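Notes follow once the structure below has been shown.
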Amino acid sequence: MPDSQKSRARRKSLDVRAWNGTTRPYDLLKELAIGVLVVGVIIVGFAAVAGSPDEPTITLQNWAQANPNDFVATATAELAGTSDTASYGPPYSSTAGATQTLGPIDLQTMSGVQLRIDAAKDFVITPLTTLDSAPDAVSTWRAATSEQQTAWATSYSDALGKASNGDPSTVVSGNYGPVPQLTQGLLTVAKGGALDGAIQSEGGLYNTNPTPTILFLSDGTYFSSLATAQHLTGDQWGMMNETGSYPGQSWLWLFSFWYQVPLIGNLPNADLVVVFIMVFLTLVLALVPFIPGLRSIPRWIPVHRLIWRDYYRKR
Amino acid sequence: MTDSQLPQPTLEPEPEDVDHSWSGRLRRWVLKVLPPEKLLPTSQPSYVATWIYMFGMGAIASLVFVIGSGAVLSLNGPMWWHLSPLGHFFNSLHLWSVEFFFFFMVIHLWAKFWMAAWRGNRALTWITGVVSFAVSIVAGFTGYLLQTNFDSQWIAYQAKDALNASGIGAWFNVANFGQMFMWHILLLPIAVLVIVALHVLLVRGHGVVPPLDAAESDSQLRETTPTEATSREA
């Protein structure tokens, strides 16, 4: 056996077998107790001095009061079926061609419409019915065909887009059917605070699922403008940040990083691509011991010489 | 009856004396792979004497505070911390214990990478460490979804796209507070604790990996080798 092979075999056996060399006293429980004590002092200190952030939730009432034009435009988009939620695809709707795919892989479609949301009905018509607001407009809407409903809402949405600041009061007259009354009725109940309860109560008394409210809020621009001010949007390294000046989920930096790379972040299927990249990298990290080259990096870049410097000094 | 006909004493039990029950087999296996002196050691190899070894213990110490502060928050419900200064303090404890848990864990992970700590049949120890890191990220993420404030609203909105695109969102709805609540306070803590416990037991079972390129000629091995060799020969 060549000397190099003998040497390698000896090293291997030394790695595997119980240590036969010198030892030092060690008390596992004592080290744990000291660790808990020291770390506890640090954590209590940070909690007492820095505290934790708590920006209040944003309600539909906050939105309607702060930016009524955005609220009306969003409600109109829900009726027209053009909002993000209404046209999202699985798991909320069955909109064709809305899913993110990678070649033949379409996991979004495979998962199915498990959390069905009818944006026009769930966000606008049902709450108006529950709150008995604009009942005549609701009746007219319900009596119309879906094509007519879409035509009315689309025309009104276009008109709002051309109005000064999107102000409904400056919209030119047109054939909008009951849509202006529906959206104004929704705005009125939202400003009074009743819409939050009406949408939430669609899930019953013990509803713990605010998904419809969060999706409705996110269809407008008001919600994202608040997030931008708190440096939370995707192009600001997204959800790894926390409101205020707190560290947040810094361990998600690599996930957020890929969205900052224009070649990836601008892709229509960026979310799916980033998920695949992260799954791949996580598997690589877990399997480093078996990957030639990668597992040899610690030998090539001798950081271990620093870590075990006392051992090497005494060789 | 001659001496040769007498039953000879044996150190090893006869096969029929061995307890073949499931419990007996498990007990023998546990004592073989993890004897008490390995589980609760009172000495360590002399090379285990650098500050870098503190970070693994630091992560476990932080986890104690993560679980403890989370348990207190659980006692009073998810809205308590908005209404009570004491609740807010415990929320702050929970936040900072999580921050330090990840801080210690990441340094521990990098240190173990540069030490090539998977050597000597320790690959599973490395893998469980990476898995515990990944599961902890999911646990921390669900915690951020439960803040019941603006941040949790925004994270739920923003995170849904990656999960929906990969087909997970249909079954793991980040905007569903009730579902995330159960994942965060029950399923994921169990997963983290089980994997971390397995990781620690593997570390104890295999022992701390020797320095890279450690050789029999090293002084810390040579000093005790004659005695050890003599006792082994005996």
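What whole-number value in cubic angstrom gives the convex hull volume per residue for the C-alpha atoms of the protein assembly as shown? Walk me through the intermediate numbers first.
Working: hull volume 127.0 nm³, N = 549.
Enclosed volume per residue, from the Cα hull, is 231 Å³.
Evaluated with a Cβ-only charge set (Lys, Arg +1; Asp, Glu -1), the protein assembly as shown carries a dipole of roughly 2340 debye about its Cα centre, given to the nearest 20.
Find the percent of Cα-Cα distances in chain A that exceed 32 Å, and round it to a whole number.
Details: 25890 of 49455 pairs.
For chain A, the fraction of Cα-Cα distances above 32 Å is 52 percent.
For the range A:134-207, divide the Cα radius of gyration by the Kirkwood radius and give the resulting Rg/Rh value with two decimals. Show your work: numbers first, answer last.
Details: Rg = 14.3 Å, Rh = 13.7 Å.
That ratio equals 1.04.
For A:Val16 and A:Thr221 in the same chain, what is the full-extension length gain: residue separation times 0.36 nm, less their Cα-Cα distance, in nm?
Values: separation 205, 0.36 × 205 = 73.80 nm, distance 6.01 nm.
Here the answer is 67.8 nm.
Given the Cα atoms of the range B:115-211, and with Rh set as the inverse mean 1/r over their pairs in the Kirkwood sense, what is Rg to Rh to two decimals? Before the final figure, lay out each step's value.
Values: Rg = 16.9 Å, Rh = 15.0 Å.
Radius of gyration relative to Kirkwood radius: 1.12.
For chain A, find the longest principal axis of its Cα atoms and tell me its angle to the long axis of helix A:270-286, 0 to 90°, nearest 10. Here the helix axis deviates by roughly 20 degrees. Helix A:68-80 axis versus longest C-alpha principal axis of chain A: approximately 90°, rounded to the nearest ten. Dividing the helix sum by the residues of chain B, where each DSSP H run of 4 or more adds -39500 (n - 2.57), gives a mean residue ellipticity at 222 nm of -20500 deg cm²/dmol.
At q = 0.10, 0.12, 0.15, 0.18 Å⁻¹, what log₁₀ I(q)/I(0) does chain B have when each alpha carbon counts as one equal point scatterer in the Debye sum? Debye output, listed in q order: -0.68, -0.86, -1.12, -1.35. Here the range A:78-213 is assigned +1 on the Cβ of each Lys and Arg and -1 on the Cβ of each Asp and Glu. Its dipole about the Cα centre then comes out at about 20 debye.
Using alpha carbon coordinates only, what is the Rg to Rh ratio of the range A:169-315, with Rh defined as the Kirkwood radius?
On the way: Rg = 25.7 Å, Rh = 21.1 Å.
Rounded to two decimals, Rg over Rh is 1.22.
Taking a point 7 Å out from the Cα of A:Ser169 in the direction of its Cβ, the residues of the range A:188-205 whose backbone N falls within less than 18 Å of it are A:188-192. Compute the distance in nm between two label points, each set 7 Å from the Cα along the Cα-to-Cβ direction, one at B:Leu26 and one at A:Leu281. With each label point 7 Å from Cα toward Cβ, the separation is 4.1 nm. For chain A, the longest principal axis of the alpha carbon atoms and the long axis of helix A:28-50 meet at an angle near 40°.
Which listed residue (A:Gly197, A:Ile301, A:Gly35) has the Cα farthest towards the positive end of the charge dipole for chain A, taking +1 on Lys and Arg C-beta and -1 on Asp and Glu C-beta about the Cα centre? Highest projection toward the positive end goes to A:Ile301.
With R₀ fixed at 35 Å, the C-beta to C-beta distance from B:Val18 to B:Ala49 puts the FRET efficiency at about 0.25.
Projecting the Cα atoms of B:Gly143, B:Tyr53, B:Leu188 onto the charge dipole of chain B, computed from C-beta unit charges around the Cα centre, puts B:Gly143 farthest toward the positive end. Inter-label distance, A:Ala66 to A:Ile34: 5.0 nm, where each label sits 7 Å from its Cα along the C-beta direction.
Every read-out reported here was derived from the displayed coordinates using simple, explicitly stated rules and does not represent laboratory data. These numbers come from a predicted model, not from an experiment. Note: ideal-geometry Cβ built from the backbone for every residue, glycine included; neighbour counts use all protein chains shown.
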